[in-house]
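Colleague: Once you've had a glance at the structure underneath, I'll fire off some questions.
Read-outs: derived from the displayed coordinates by stated rules, not from any lab. Just so it is clear, the model here is predicted, and its values are computed rather than measured. In this analysis, Cβ positions are derived from the backbone assuming ideal geometry, glycine residues included, and neighbour counts consider all displayed protein chains.
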Amino acid sequence: MKRTLAISLMAVTALAGAPAAGAQATTVTTNEFVPVTVFAFVPCANDGAGELVILTGTLHVLTHVTIDDQGGLHVKQHFQPQGISGTGLTTGDTYHGTGVTQSEFNATAGVEQTSINNFRIIGQGPDNNLLVHSTFHVTVTPDGDVTTVVDNFSVECQ
């Protein structure tokens, strides 16, 4: 989420230098692979006692930025774990991180942003998998009024 907010803030800053209406649209796509370390407490692991899990691997980040011919800014991002795995510090069990996050940011005279995140930590055996889900949406009018905020977050053992 912090990276998405950072990209969004950069996008707002870039909007100030966006082409004037009628200028040619500009599109930039980046495709990055970022090493990550994730510390997660999995409450359903270790027969329900929970345990801290340290996962490492790569996060694939695909970003597509368009400044349209009217000066509007459109950013789409796709985040997907690649080969993320780790070990529970109490049991020594192996865990894998999977999931996907999609984020979209649009700005002209107002701003709209939506992010949907599903991250799973999959453990060995039954009943020690963790699903983290979040949905975030905000709409800000050209006058700066926040008209919509949706922030749903859940953590579920499976």
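Colleague: With just the Cα atoms defining each centre, how far is the stretch 81-149 from the stretch 20-63? Give it in Å.
Modeller: Answer, in whole Å: 8.
Colleague: In degrees between 0 and 90, to the nearest 10, how far off the longest principal axis of the chain does helix 2-16 point, with axes built from Cα atoms?
Modeller: Helix 2-16 sits roughly 10 degrees off the main axis of the chain.
Colleague: Let me have the 222 nm mean residue ellipticity of the chain computed from DSSP H runs of 4+ only, each contributing -39500 (n - 2.57), with the sum over all residues rounded to the nearest 500. Don't skip to the end; give the middle numbers.
Modeller: Values: 1 runs with 15 residues, N = 158.
Mean residue ellipticity at 222 nm (helix-derived): -3000 deg cm²/dmol.
Colleague: Relative contact order for the chain using alpha-carbon pairs under 8 Å, separation at least 6, rounded to a whole percent? Could you put the intermediate results ahead of the total?
Modeller: Numbers: 407 pairs, mean separation 27.4, N = 158.
The normalised contact order for the chain reaches 17 percent.
Colleague: Taking the simple approach of a point 7 Å from Cα along Cα-to-Cβ for both T108 and S154, what is their distance in nm?
Modeller: Result: 3.5 nm between the two label points.
Colleague: Related question: With +1 assigned to the C-beta of every Lys and Arg and -1 to the C-beta of every Asp and Glu, and no other charges, what is the dipole magnitude of the chain about the Cα centre in debye, to the nearest 20? Don't jump to the answer; show the numbers that get you there.
Modeller: Values: 4 positive and 13 negative charges, 67 e Å.
Its charge dipole is roughly 320 debye.
Colleague: What FRET efficiency do you get for D47 and L131 if R0 is 22 Å and r is their Cβ-Cβ distance, rounded to the nearest 0.05?
Modeller: On the way: r = 19 Å, r/R0 = 0.87.
So, using R0 = 22 Å, E works out to roughly 0.70.
Colleague: Taking the Cβ of Y95 as the centre, find all other residues whose Cβ is under 12 Å away and add up their charges (Lys, Arg: +1; Asp, Glu: -1). Spell out each step's value before the answer.
Modeller: Values: positive: R120; negative: E51, D93.
Around Y95, the surrounding residues sum to -1.
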